[in-house]
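Below is one structure, written out as structure tokens, with a few remarks after it.
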Amino acid sequence: MKIKSNSKKSSRLLVTLTLILGFLITSCSKNDDLKPSEENNWSLTLSLGDAVSLKSSVPSNISYTKGEWKINGELVSNEEIIQFREYKAGTYDIEFTAYNDKKVFSKKGTIEVEKYAVAATTANSMFATQLFEYTPAPGQFINKSPGDLASAKSVLGAKSGLVTLGAFGGGIVLGFENPVLNKAGDDIIIYSNAFVNLAEPGVVWVMEDTNGNGKPDDIWYEIKGSEFGKEGYKRNYAVTYTKPDLETAEIPWKDNLGNTGTVKTNSFHKQSYFPLWLNSNEYTVRGTLLPSSNINFGAQVMSLPFEKGYADNSSAGNDRIDIADAMDESGKTIKLNSIKFIKVQTGILADMKALGELSTEIKGVEGLNF
Ligand SMILES: [Ca+2]
Ligand SMILES: [Ca+2]
Ligand SMILES: [Ca+2]
């Protein structure tokens, strides 16, 4: 963790990963007014998954009736202390606002969360070596292996890790050291734990580093797989998962079509199925829903693989992706010369009975053409 602060006067106390931000009160008036600080900037750089505690320390002679923490403009807490930890690289705007009946006092800062990467060598740089985001949906392995940050890191630079993405929409974003070129035929292999008659297809997205900044902040293009346009295939499908009051209860969801349901819990996995590192009590995932047509609830629950174009699909455990199948929002094929980033998301929303939720797993991602 690297820290810098533009605010010379703010008192900082770093104990392990705890950061206390002293709020500056430029003057303390007789009326207990909260005055805005002149120096309103601080910044931190964290690695993906690092945790810091942020404390609002308005001096005790100032009374305020309400305090609010916002992250990227969204209210996350009214407590004095919040813990910040993100599994998604990017810039986060942090704001604490204190109110009394006279004034509003606000202090802002930013936290930059950097990707996690393993060193790229000649022996491993054909694999994705960078982790930009791990945002699983709820599931039976979430908050433990293979549904935690260590598991997400395990797929880097190899094909022998294992991470689960949880139920529909849960995802992971990885990057390559060097662009993977779009040559004739397949360009990428996604390794998974697919079993015979138990495909858990994940939708694959690719991105060029168009602006050349090394970050996945350009346009995602979905790989047009064999289920494109079939009944049950829906783009821009969104599901909101809510943390239940009882930590071990099943996880309610609602989608953007008015449907509701739950991610069921089972007796094998007794921890919370909701990602406990999140700052909020609900979150929404958005992606492409694949048909449930290949799931068969007979004497034995089965999920047959689709023809092509998905992760965790083929029973051999290696699914080949052709960058030439990338398509834009309208479904039109787009020509990409290379890609730098890849995203995989669980594509089906299904309760597989005794097997738990349908969830895509991956073991590693390999580029074939450089
Ligand atoms: Ca190709
Ligand atoms: Ca699987
Ligand atoms: Ca970029």
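For this structure, a couple of remarks:
- Residue count for region 196-225, restricted to those that are open to solvent by 30 Å² or more (accessible area, probe 1.4 Å) and part of a strand (DSSP E or B): 3.
- Candidates in region 54-91 are the residues that are of a type in the set (A, V, I, L, M) and assigned to a loop (DSSP other than H, G, I, E, B); of these, the one that is nearest to the chain's Cα centre (by Cα) is Ala89.
- Which listed residue, of Ala123, Ala119, Ala152, Ala137, is in contact with a Gly (Cβ under 9 Å, 6 or more places away or on another chain), part of a loop (DSSP other than H, G, I, E, B) and open to solvent by less than 40 Å² (accessible area, probe 1.4 Å): Ala137
- Top-ranked residue of region 51-75 - restricted to ones that are at pLDDT 90 or above and surrounded by fewer than 18 Cβ atoms within 10 Å (Cβ to Cβ), ranked as farthest from Leu131 (Cα to Cα): Glu68
- Among residues of region 260-276, those that are farther than 25 Å from Leu304 by Cα and open to solvent by less than 20 Å² (accessible area, probe 1.4 Å), counted: 4
- Cβ pairs under 8 Å, 6+ apart, first in region 100-114 and at pLDDT 90 or above, second open to solvent by less than 10 Å² (accessible area, probe 1.4 Å) and in a loop (DSSP other than H, G, I, E, B): Val113/Leu48; Glu114/Leu48
- Filter result (open to solvent by 30 Å² or more (accessible area, probe 1.4 Å) and under 23 Å from the mean Cα position of the chain (by Cα)) within region 319-330: Asp328, Glu329
- Yes/no for Ala199 being within 26 Å of Ala324 (Cβ to Cβ), away from ligand 1 (no atom under 16 Å from the Cβ) and at pLDDT below 95: no
- Among the residues of region 350-370, the ones that are aliphatic (A, V, I, L, M), open to solvent by 40 Å² or more (accessible area, probe 1.4 Å) and either away from ligand 1 (no atom under 16 Å from the Cβ) or not in a loop (DSSP other than H, G, I, E, B) (or both) come to 2 in all.
- Some residue of region 304-318 being over 22 Å from the mean Cα position of the chain (by Cα), over 26 Å from Gln83 (Cα atoms), free of Cβ contacts under 8 Å to residues at least 24 places away in the same chain and in the same structural domain as Asp187 (by TED's automatic domain parsing): no
- Among the conditions (1) assigned to a loop (DSSP other than H, G, I, E, B); (2) free of Cβ contacts under 8 Å to residues at least 60 places away in the same chain; (3) open to solvent by less than 50 Å² (accessible area, probe 1.4 Å), Thr240 misses just one, which is (1).
- Some residue of region 335-343 being open to solvent by 20 Å² or more (accessible area, probe 1.4 Å), under 20 Å from Ala194 (Cα atoms) and either within 16 Å of ligand 1 (Cβ to nearest atom) or in the same structural domain as Phe168 (by TED's automatic domain parsing) (or both): yes
- In region 172-195, the residues that are assigned to a strand (DSSP E or B), within 15 Å of ligand 2 (Cβ to nearest atom) and of a type outside the set (Phe, Trp, Tyr): Ile172, Ile190
- Considering residues of region 290-316 that are surrounded by 16 or more Cβ atoms within 10 Å (Cβ to Cβ) and polar (S, T, N, Q) only, the residue farthest from ligand 2 (Cβ to nearest atom): Asn294
The values are calculated or read from the model by the stated rules, or taken from the named source; none is laboratory data. Small disclaimer: the values here were computed from a predicted structure and weren't measured. No Cβ is skipped: glycine too gets one built from the backbone with ideal geometry, and neighbour counts run over all protein chains shown. Heavy atoms of the whole protein, side chains included, go into the accessibility calculation; ligands, DNA and RNA do not. Shrake-Rupley method; radii C 1.70, N 1.55, O 1.52, S 1.80 Å.
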